[in-house]
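For reference, the structure discussed in these notes is given below.
None of the figures in this text is laboratory data; all of them are computed from the coordinates on show. What you see is a predicted model; the values in this text were computed from it and never measured. A quick note on method: Cβ atoms are made from the backbone with ideal geometry, for glycine too, and the neighbour counts reach across all protein chains shown.
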């Protein structure tokens, strides 16, 4: 799909933030582990969310869509044994791959974990280094998917590197929370990245009545010895997925470049790391009106920003779109976190924004953006990266002519209604 954005429109109106796929996928994992009925409200409908629900169905849980806002998951827990070579499809979701693989490794028997698109090119080094230490047999395609594994995983003391991603740790926390053990089990982590997402994981583990580890400064996670797994099956459990700060960041960036937009459905108390977009917007000089259930963003000054995105790397694309028009040089730190995303995200931001006339430089761990009054109309490519497609759409608002975005349909990975929502705010876009 190609989308063409016509510049010059001032955005105005109100829009509901999409459901957080980070919360949705974690809630799916917890609902699978928990024996009983779980109702998930404001459930996500992105491609990554659908992949997570598909994994639940493959493992024996049943998913019923009650209405457009609520689905019901019936689970008997993680099956003790699987027969044959069970196939699990993670779609293009890196989170589903890294989170569900340790969880399904608890099963006895052989399971084939696969995916599609860019996920087929992502390295499996972390999984291949860690899971064999927990007695899981692995066989990959030269370090790539498909991945064959034979469990069961044994939850025991382990030491892992957390500097590149927190997603494998999330999977291990869920797996350890799903089993009982006669002795303490300790996960020790070096240089943990994305701590807010581990907070999100621990909050969901707690909400679902699973075993909650003791968090020792994000360096050790201690699961105390238990005779039985903590699992409240006394009735139906309800969980409401909050709005996605990652997706909303693009709406906010667009409003900051030209408009007055109110975004609803966001939780100001959410542990999602990407709510730090508000800090960047205030640095940028836009007007932010924050109320308990809505945030209104409007354009004002355009000051350059210095922002450390190490713990929230998904903010790089909207921050580049903002910084493109700052009156000076902006610096975004944490480039090393952009490796192994849907695209080579640092290189893609350089190349695609470069086509629009923007200078983006990489120096050590910093991305440096030289702001300018206007970009040029052209054709860019999303490189099948949903966040690149959305960032280019936002930047196109202030281009000298139309900007066409090839493979813009990649937005369905996280925000299927992105172009519809932008149109509802007044953006002139054909797709």
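Shape summary of the stretch 210-322, radius of gyration then Dmax from alpha carbon positions: 18.7, 60 Å.
The C-alpha atoms of the chain define a longest principal axis, and helix 245-257 lies at about 10 degrees to it.
Using a cutoff of 8 angstrom between alpha carbon atoms and counting only pairs six or more residues apart, the relative contact order for the chain works out to 19 percent. The mean sequence separation of alpha-carbon pairs under 8 Å and at least six residues apart, normalised by the residue count of the stretch 30-117, gives a relative contact order of 32 percent.
Shape class for the stretch 22-138, computed from the alpha carbon gyration tensor (a ≥ b ≥ c): oblate, with a/c not under 1.5 and a/b at or below b/c. The Cα atoms of the stretch 266-343 define a convex hull whose projected area, averaged across directions, is 5.6 nm². For residue 300 and residue 363, a Förster radius of 41 Å and the Cβ-Cβ distance give a FRET efficiency of 0.90, rounded to the nearest 0.05.
Summary value for the stretch 21-221: 17 percent relative contact order, contacts being C-alpha pairs under 8 angstrom separated by 6+ residues. The distance between label points at residue 207 and residue 372 comes to 4.4 nm (points 7 Å beyond Cα on the Cα→Cβ vector). Show log10 I(q)/I(0) for the stretch 21-221 at q = 0.07, 0.09, 0.11, 0.14 Å⁻¹, two decimals, from a solvent-free Debye sum over equal Cα scatterers. So the normalised log intensities work out to -0.18, -0.30, -0.45, -0.76.
Against the main long axis of the alpha-carbon atoms of the chain, helix 94-104 sits at an angle near 10°. Taking 7 Å steps out from each Cα toward its Cβ at residue 6 and residue 74 produces label points 5.2 nm apart.
For the chain, the longest principal axis of the alpha carbon atoms and the long axis of helix 47-58 meet at an angle near 10°.
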